[in-house]
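Participant: First, the structure itself, so that you have it in front of you.
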Amino acid sequence: MVTAFAPLAWFGVGWLSLGGLFLLLGSTLAGSRRAGDGALIAASHGFGSFLAGVSWIYVSLSVFGGMPAAVAALATVLFCLLMSVFPALAGALYVRLAMAGRLQRALLFAALWTLAEWLRGWVLTGFPWLGAGYAQTPPSPLAGYAPLLGVLGVSLASALVGALLGETLRRWLATDDCPPSGWLRWCPALPLAGVALILAAGQLLRELRWTQPAGEPVSVALLQGNVAQEMKWRPERFAESLRIYYELARGHPAQLTVLPETALPAFLDQVPQGYLDALQELAQRRNGDLLLGVAVGEGQRRYFNSALSLGASGRQRYDKVHLVPFGEFVPPGFAWFMAMANIPMSDFTPGSRRQTPLSLAGQQVAVNICYEDLFGEEIITALPAATLLVNISNVAWFGDSLAPAQHLQIARMRALESGRMMLRATNTGMTAIVDVDGSVRAVLPPFTRGALQGQVIGYTGATPYVRWGNWPVVVLALLLVAVTGCRGSRA
């Protein structure tokens, strides 16, 4: 399953993996139909996917967090087991409810898989990473469903394609399900026709444009300082970090300059005022704006992971709302766990959910910080007012792992859902300009220092997903479960 996601992005592997799971679950239906069997099969599938796909959690805890290797490994395994509960729930329900015909079983499987991903996206603050839909960014034809139903809708389509492919294989291997007539050879191709229909519809939807360009193009410079994570927070390296980003900003003029998350590794009031004035002057000289990541303290107990703007449009600020458990806040009862790790600034205060887009370089910019772009339904709260999406990240915590490429793929899905371009400025990669159709217009090589310059344009209007969010696909999945999960006769 993991190879379906970036960096390999073999999106068809996702269908085959889900199709294989569908077949394995189907093999239990002729036996005792114990829910535990279905849960074990689906949990094993999920555990293997998570253990390989989010192995970078171990890197952040052990290599950069300073946690003992054995404890970090155990924490990673336990986390993957926890995430496996959601596919296990889908597998258990499938085995208990799948009593209808073959097509109904495929629909039930896809609906339960989608609902499990939806639950995983918000239970315990949510972890939607490696959702099946994320593997279907362009050139996958299923990307066309994203502006309508979001990544959950793409997951539904992907799971249904996988189930129908699994059913196709099952019919080829067991032709006794087909009438013994001259058209016997076509019987296994019936579910394949459904696959072709879903893919063709998705490809046609990719040609539609739900939003419209507005205004003149804006020049941008996305800065990638490539400051090593193990060096970033050392006091003796503070001045060097400031110098790196000032020189990058000065050497790459643009109307909108974007620095990564916590590009300035200190609280705002610890940054020399002369340095901020120099950045302000750079931006104003170009009649533009500069957006930078910095921690902002308020009082003795509150501090925010923020994006601060300087320049012609005046000082504005966005405070991160959706914080990362253990990385940015300590869940109740887990202070002992955090004591074993060395993670600077690991107890932020969440920002207000009512923040408006920032007015920068003539655009209305919806800023999101790092992990926040995993949550499409939260991103769209700034739309349709926002004309441009900007993400600032520091995935140096995960080293040279799968995380940077996977995170860029997630950003591509947000562009598709919203009908907006997405700009990403990261510390070590992957800094990129993502077009409104989810394609990557330009990207800097990871672990290099530089600036990505280009021309972007704002968009107005609203996709169906922006208007309705996740609820249409959740309701559709629930209806499918209600209709196909009733106890009836087997086909």
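The values are calculated or read from the model by the stated rules, or taken from the named source; none is laboratory data. This is a predicted model, so every value here is computed, not measured. Glycine also receives a Cβ, built like all others from the backbone with ideal geometry; neighbour counts cover every protein chain displayed.
Participant: Quick check, is residue 105 basic (Lys, Arg), in contact with a helix residue (DSSP H, G or I) (Cβ under 6 Å, 6 or more places away or on another chain) and assigned by TED's automatic domain parsing to the domain that holds residue 16?
Facilitator: The answer is no for residue 105.
Participant: Suppose we keep only residues that are surrounded by fewer than 20 Cβ atoms within 10 Å (Cβ to Cβ) and either outside any helix (DSSP H, G or I) or not assigned by TED's automatic domain parsing to the domain that holds residue 43 (or both) within the range 66-81. Which one would you say is modelled with the lowest pLDDT?
Facilitator: 66
Participant: Being of a type outside the set (D, E, K, R) and closer than 16 Å to residue 447 by Cβ is the filter here, so list the residues in the range 228-240 that pass it.
Facilitator: If the condition is that a residue be of a type outside the set (D, E, K, R) and closer than 16 Å to residue 447 by Cβ, then 228, 229, 231 are the ones that fit.
Participant: Do we find that residue 192 is under 26 Å from residue 136 (Cα atoms), outside the structural domain of residue 421 (by TED's automatic domain parsing) and modelled with pLDDT of 95 or more in this structure?
Facilitator: In short, no.
Participant: Here's a check for you: in the range 422-443, which residue that is among the aliphatic types (A, V, I, L, M) and within 13 Å of residue 220 (Cβ to Cβ) is surrounded by the fewest Cβ atoms within 10 Å (Cβ to Cβ)?
Facilitator: Among those residues, the one meeting the criterion is 442.
Participant: Just to check your reading of the model, which residue among 402, 389, 408 is assigned by TED's automatic domain parsing to the domain that holds residue 253 and surrounded by fewer than 23 Cβ atoms within 10 Å (Cβ to Cβ)?
Facilitator: None of the others qualify; the one that does is 402.
Participant: Could you list all residues from the range 145-173 that are surrounded by fewer than 24 Cβ atoms within 10 Å (Cβ to Cβ) and closer than 20 Å to residue 470 by Cβ?
Facilitator: Within the range 145-173, just 148 meets the criteria.
Participant: Tell me whether the range 12-31 contains one or more residues that are closer than 30 Å to residue 234 by Cβ and either surrounded by fewer than 17 Cβ atoms within 10 Å (Cβ to Cβ) or not assigned by TED's automatic domain parsing to the domain that holds residue 443 (or both).
Facilitator: For the range 12-31, residues closer than 30 Å to residue 234 by Cβ and either surrounded by fewer than 17 Cβ atoms within 10 Å (Cβ to Cβ) or not assigned by TED's automatic domain parsing to the domain that holds residue 443 (or both): absent.
Participant: Would you pick out the residues in the range 299-312 that are more than 15 Å from residue 277 (Cβ to Cβ) and surrounded by 20 or more Cβ atoms within 10 Å (Cβ to Cβ)?
Facilitator: 304, 305, 306, 307 - these are the residues of the range 299-312 that are more than 15 Å from residue 277 (Cβ to Cβ) and surrounded by 20 or more Cβ atoms within 10 Å (Cβ to Cβ).
Participant: Ok, one more. Looking only at the range 429-443, decide whether some residue is farther than 30 Å from residue 249 by Cα and among the charged types (D, E, K, R).
Facilitator: no
Participant: Those residues that are outside any strand (DSSP E or B), under 28 Å from residue 141 (Cβ atoms) and either of a type in the set (Lys, Arg) or touching a residue at least 60 places away in the same chain (Cβ under 8 Å) (or both), I need them from the range 432-450; list them, please.
Facilitator: Selection gives 436, 437, 438, 439.
Participant: Considering only the range 391-399, I want to know if a residue exists there that is at pLDDT 95 or above, part of a strand (DSSP E or B) and of a type outside the set (Ser, Thr, Tyr).
Facilitator: Yes: one or more hits.
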